[in-house]
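Input: a single structure, listed below in structure tokens.
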Amino acid sequence: MVVNERIAALRGEMAQRGIDAYIIPSGDYHQSEYVGKHFNAREFLTGFTGSVGTAVVTANDAVLWADGRYWVQAEAELAGGCVKLFKMGVEGVDTIDEYLAKVVPNGGKLGFDGRVAAYVEGKKYAALLEDKNASIESSHDLVAQIWSNRPLLEENKAFILEEKYSGESTASKLTRLREKMKQAGATHHAIFTLDDIVWIINLRGTSSTLFLSYFMMDMNGASLYIDEARLNQEIKQQLARDGIQTKPYEAIYDDIAALTPADVLLFDPERVNYALASALPPHCKKKLLPNPALLLKACKNEVELENIRKAQIKDCVAQTKFMHWIKTNAGKMEITEMSVADKLFELRSEQEGFIRPSFNPIVAYKEHGAMMHYRAQPDTQKSIEAEHLLLIDSGGDYIEGSTDITRTYALGKLNHELKVHFTAVVRGMLNLSRMKFIKGVHGINLDVVARQPLWDVGVDYKSGTGHGVGYMTTIHEGPCSIRWQIPAGKAVQPPIEAGMVFSNEPGAYVEGSHGIRIENEMVAHLGEVNEHGQFMYFETLTFTPIDLDAILPEMMLGAEREFLNDYHKKVYELIGPNLDAEQREWLKTYTREI
């Protein structure tokens, strides 16, 4: 009923301003995927806790759009309230555009907070309503009017990521970006996305990796728009040496508005909020191009890659110790989904250089695993017994880089269906890992390799197979991913380049029964060159056992078994020396040849 009361209160605010439909997206001022608690307006209003989704409220309706990763979760969290779930991509279900075209009347008004709405979305809504002579009201955060005790903006201090970890100075990065500006014919370049900004200036946050800021540069200098309380004197001196001045966080709006007819501003239209883009004066020339930093950042340098390998070993030691602990203790002591997360945090904390989890872990037992982005809560979590499957998607931020790993564990005897699905997932992950491909291939070309074993048994998953992984920036990093569909309205992704780090995580999810996901990270490399061109391959970065208790070896092809056996041999060689005698002996069993 709390949700219904909040929806009613929002409708009251809408009525005062003559707004017929109000959009509540999931983002912050920077179009971030994972946002601070201050920005959880959609969750506050609807009760849906997933990280992605859009809500629309009218005088008589309240609707939430969520993609296939969240359908099970959303149905459970919306039950009993007035918010209806619209499943994105399902035939016969209105898209947001189709719905707005129906509910916004001629001469009506559509509202949203322009600071949290993407520019491309706001522009699309304006075009959609032009024929109706409807207007847009983007200057009010109506949820703020009804949200008492709203969490404050996160007070996140910055620290310097030394060049022995970043592998490249800020000065060098600015030089490369200015070359991209010159090629585009731009005099200024504005960057609004937090992961790109921290990469450029070689800073990271202490309480979370990213901190709220904007960045704008020209051919001679640059400005960082930030609350200066986040910066110590050493950081300010380093920024000054690189020709970067600091300005108040909100001053970006004034500086954008002050651009002259002689200025040419380069910015990424898909990575800026509607309010900032609307602040640009009409006379300012614009170069709407993908942010050059995005691709530069995605191609990790050799220093970064060597550090990432170190971080992965540390994380895999913790993960392997956890596997030993859960396989040994399930059914013998009280263990819950939330205490599993605590145990993983404890084991990661023992590793030198560990800073924090790289994202909130997903610990999902039995049917909870069918919810791809399940979040355990005290009143809904399960106790873990010596039976069925436990899925854990987690990771760590280390000074040497970030990790993202998923393992699914058999905690007792499994029925045949569970083993068939598990083996198909493992086969898909291994087949993508061992791919050799020609340079110029896109992620969309490779997805079928991981998906085919699952399709063979009549199973699919409602997510991509792999995403780029950042270096202590954001776990889901663009511009490339491995998926079979290009999301509607999104630009075609560039091809895979050497140095790009990807997750590799096919899965199987059956509502009311189970979820299975096996995820390693891998990096793309240049391989042999011959008369047919430049070939590429993937190097596996993650080394922790894949649970042989859940595999049907007879389902696997010979090359797949050989690759898995070689993988487990390397797991033992790399991880075994970091374990005690009992754990090493146990590891022999779980890295045995099949």
Checklist entry - Listed highest first by mean packing, meaning other Cβ atoms within 10 Å per residue, what order do 310-320, 336-346 come in? => result 310-320, 336-346
Next on the checklist: Apply the Karplus curve 6.51 cos²θ - 1.76 cosθ + 1.60, θ = phi - 60°, to the phi angles in the range 321-330 and return the couplings in whole Hz, x for Gly and Pro.
Outcome noted: 4, 5, 4, 4, 5, 6, 5, 7, 10, 4
Checklist entry - What ³J(HN,Hα) values, in whole Hz, does the Karplus curve 6.51 cos²θ - 1.76 cosθ + 1.60 give for the range 519-529 when θ = phi - 60°, with x put for Gly and Pro? => result 10, 10, 9, 8, 10, 7, 10, 6, x, 6, 10
Checklist entry - Where in the range 432-453 does the label zone of residue 492 land, with the point 7 angstrom along Cα→C-beta and an amide N cut-off under 11 Å? => result 442
Item to check | Residues in the range 547-564 that a label on residue 593 would reach, taking backbone N under 12 Å of a point 7 Å out along Cα→Cβ | outcome: 562-563
Item to check | Computed magnitude of the charge dipole of the range 499-573 (debye, nearest 20; Cβ of K, R +1, Cβ of D, E -1) | outcome: 80 debye
Checklist entry - Once you sort the root eigenvalues of the Cα gyration tensor of the range 144-290 as a ≥ b ≥ c, which label holds: rounded (a/c under 1.5), prolate (a/b larger than b/c) or oblate (the other case)? => result oblate
Next on the checklist: What FRET efficiency comes out for residue 565 versus residue 159 if R0 is 51 angstrom and r is the Cβ-Cβ distance? Round to the nearest 0.05.
Outcome noted: 0.75
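What's the exposure ranking of 362, 594, going from fewest to most Cβ atoms within 10 Å?
Result, fewest neighbours first: 594, 362.
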Checklist entry - If amide H atoms are built 1.01 Å from N in the plane of the peptide, which residues on other chains or at least 5 residues away come under 5 Å of the amide H of residue 514? => result 370
Checklist entry - So how far apart, in nm, are the two label points at residue 448 and residue 328 if each is 7 Å from Cα heading toward Cβ? => result 4.6 nm
Item to check | Under 5 Å, built H, 5+ apart or other chain: amide partners of residue 336 | outcome: 384
Checklist entry - Taking the simple approach of a point 7 Å from Cα along Cα-to-Cβ for both residue 525 and residue 537, what is their distance in nm? => result 0.7 nm
Checklist entry - Any idea how far apart residue 377 and residue 250 come out in nm if each label point goes 7 Å out from Cα toward Cβ? => result 3.4 nm
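With N denoting the number of residues in the range 385-523, provide Rg(C-alpha) divided by 2.2 N^0.38 Å, to two decimal places.
Numbers: Rg = 15.6 Å, N = 139, 2.2 N^0.38 = 14.3 Å.
Its radius of gyration relative to the 2.2 N^0.38 Å reference: 1.08.
Between residue 260 and residue 385, what FRET efficiency comes out of the Förster formula 1/(1 + (r/R0)^6) with R0 = 60 Å and r the beta carbon distance, rounded to 0.05? Walk me through the numbers before you get to the answer.
Values: r = 68 Å, r/R0 = 1.14.
Once the sixth-power term is evaluated, E becomes 0.30.
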Checklist entry - Farthest toward the dipole's positive end in the chain, which of 275, 72, 53, given Cβ charges of +1 (Lys, Arg) and -1 (Asp, Glu) about the Cα centre? => result 275
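State to the nearest 20 debye the size of the charge dipole of the range 299-590 about its Cα centre, where the only charges are +1 on K and R beta carbons and -1 on D and E beta carbons.
Details: 30 positive and 41 negative charges, 53 e Å.
Charge dipole, the range 299-590, about its Cα centre: 260 debye, nearest 20.
Given the peptides 495-504, 147-156, 294-303, arrange them by the average over their residues of other C-beta atoms within 10 Å, most packed first. Intermediate values should be presented prior to the final figure.
Numbers: 495-504: 21.7, 147-156: 12.6, 294-303: 17.4.
In decreasing order of mean packing, 495-504, 147-156, 294-303 become 495-504, 294-303, 147-156.
Full-extension gain between residue 338 and residue 220, please, as 0.36 nm times their residue separation minus the C-alpha to C-alpha distance.
37.4 nm
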Item to check | Cut-off 13 Å between beta-carbons: net charge of the residues surrounding residue 549, Lys and Arg +1, Asp and Glu -1 | outcome: +3
Checklist outcome for this item: Inter-part gap, Cα centre of the range 218-278 to Cα centre of the range 521-582, in whole angstrom, is 44 Å
Next on the checklist: Quick check: residue separation of residue 552 and residue 352 times 0.36 nm, minus the Cα distance between them. What number comes out in nm?
Outcome noted: 68.3 nm
Checklist entry - Using r as the Cβ-Cβ distance of residue 299 and residue 580, and R0 as 60 Å, what FRET efficiency do you calculate, to the nearest 0.05? => result 0.95
Item to check | Order of 120, 448 under a 10 Å beta carbon neighbour criterion, fewest first | outcome: 448, 120
Checklist outcome for this item: With the charge dipole of the chain built from beta-carbon charges (+1 for Lys and Arg, -1 for Asp and Glu) about the Cα centre, the Cα from 500, 391, 440 projecting farthest to the positive end belongs to 440
Checklist entry - Can you sort 586, 484, 199 by how many other beta carbons sit within 10 Å, fewest first? => result 484, 586, 199
Checklist entry - From the backbone phi of the range 76-86, what are the Karplus-calculated ³J(HN,Hα) couplings (6.51 cos²θ - 1.76 cosθ + 1.60, θ = phi - 60°) in whole Hz, Gly and Pro given as x? => result 5, 6, 8, 4, x, x, 8, 8, 9, 8, 10
Checklist entry - Rounded, prolate or oblate: which fits the range 2-146 when a ≥ b ≥ c are the square roots of the eigenvalues of the alpha-carbon gyration tensor, with rounded for a/c under 1.5 and prolate only if a/b beats b/c? => result rounded
Checklist entry - What does the charge add up to near residue 365, with Lys and Arg as +1, Asp and Glu as -1, over the other residues with Cβ less than 11 Å from its Cβ? => result -2
Checklist outcome for this item: Listed by chain and number, the lysines with an alpha carbon less than 27 angstrom from that of residue 132, same-chain partners under 8 positions apart left out, are 84, 87, 102, 109, 123, 124, 490
Checklist entry - When the dipole is taken about the Cα centre of the chain, and only Lys, Arg (+1) and Asp, Glu (-1) are charged at their Cβ, what size is it in debye, to the nearest 20? => result 520 debye
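May I ask for the net charge around residue 174, where only other residues with Cβ less than 11 Å from the Cβ of residue 174 are counted and Lys, Arg are +1 while Asp, Glu are -1? If you can, show how the numbers build up before the last one.
Details: positive: 173, 176, 178, 180; negative: 168, 179, 218, 242.
With Lys, Arg at +1 and Asp, Glu at -1, the neighbours total 0.
Values in this text are rule-based calculations from the coordinates and carry no lab data. Just so it is clear, the model here is predicted, and its values are computed rather than measured. FYI the Cβ positions are ideal-geometry reconstructions off the backbone, even for glycines, and counts take in every protein chain you see.
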